Amino acid sequence: MEIAVQWIRTSWTKQSRGGEQAARRNAVPVGFTLPHALAPFAHRVRMHERDGFAPYDVQEELSRVNVQLREADGRLRVQPRIEPLCGLPPRTRRPPAVRLAPGQWVRWQLNYRFSSASGMQDWSYWLDTFNVAYGPVNDDVFLSPPTVYVDERGPLR
């Protein structure tokens, strides 16, 4: 069965925590049109404050995407991996994996925050959005509302 994966990472610093920069960051898309001939690759999109949150994308091998995918009993089990663990903001326990039937897709969001080891640099932040579809899909599948949405974001302070 076909699997379409899109991994979007938005990164920023404290400079984008408020005002106009935060508004620009909060307005970035959480889904993009897929490139043609995607399988068996993932569509990786990166946006960073230093580039004005302009998206740039590449195709990536599925094995290099931070999400576990396992097919069993006609369903796809989806569970993002958390890396690095030190960047997690406080949150309750992790939600269970999602099991998708053919024709369904999930949007799963996780966030991270980091500081330098010495505390001399400002905080930096990531938002990872994983869009995963199971079964044949059209190129704009991730522009519509997901079948399942998992919000695993924690407080960033």
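Return the residue satisfying two criteria in turn: it lies in the stretch 99-151 and is in contact with a Pro (Cβ under 6 Å, 6 or more places away or on another chain) and of a type in the set (D, E, K, R), and of such residues it is modelled with the lowest pLDDT.
Per the criteria, the residue is Arg113.
Within the stretch 128-157, count every residue that is in a strand (DSSP E or B), aromatic (Phe, Trp, Tyr) and surrounded by 14 or more Cβ atoms within 10 Å (Cβ to Cβ).
Adding up the residues that qualify gives 2.
If you go through the stretch 38-49 one residue at a time, do you hit one that is touching a Phe, Trp or Tyr at 6+ places or on another chain (Cβ under 8 Å) and among the acidic types (Asp, Glu)?
Residues of the stretch 38-49 that are touching a Phe, Trp or Tyr at 6+ places or on another chain (Cβ under 8 Å), as a first pass: 42-49.
Still in the running and among the acidic types (Asp, Glu): 49.
Yes, because at least one residue in the stretch 38-49 is touching a Phe, Trp or Tyr at 6+ places or on another chain (Cβ under 8 Å) and among the acidic types (Asp, Glu).
Being in contact with a strand residue (DSSP E or B) (Cβ under 8 Å, 6 or more places away or on another chain), of a type in the set (Val, Ile, Thr) and either crowded, with 17+ Cβ neighbours inside 10 Å or outside any strand (DSSP E or B) (or both) is the filter here; which residues of the stretch 24-80 pass it?
Scanning the stretch 24-80 gives Val28, Val30, Val45, Val65, Val67, Val78.
Within the stretch 14-65, how many residues turn out to be without any contact (Cβ under 8 Å) to a residue 12 or more places away in the chain, among the aliphatic types (A, V, I, L, M) and farther than 20 Å from Trp126 by Cβ?
1
The values are calculated or read from the model by the stated rules, or taken from the named source; none is laboratory data. None of the values given here were measured: they were computed from a predicted structure. Glycine gets a Cβ as well: all are built from the backbone with ideal geometry, and neighbour counts include every protein chain shown.
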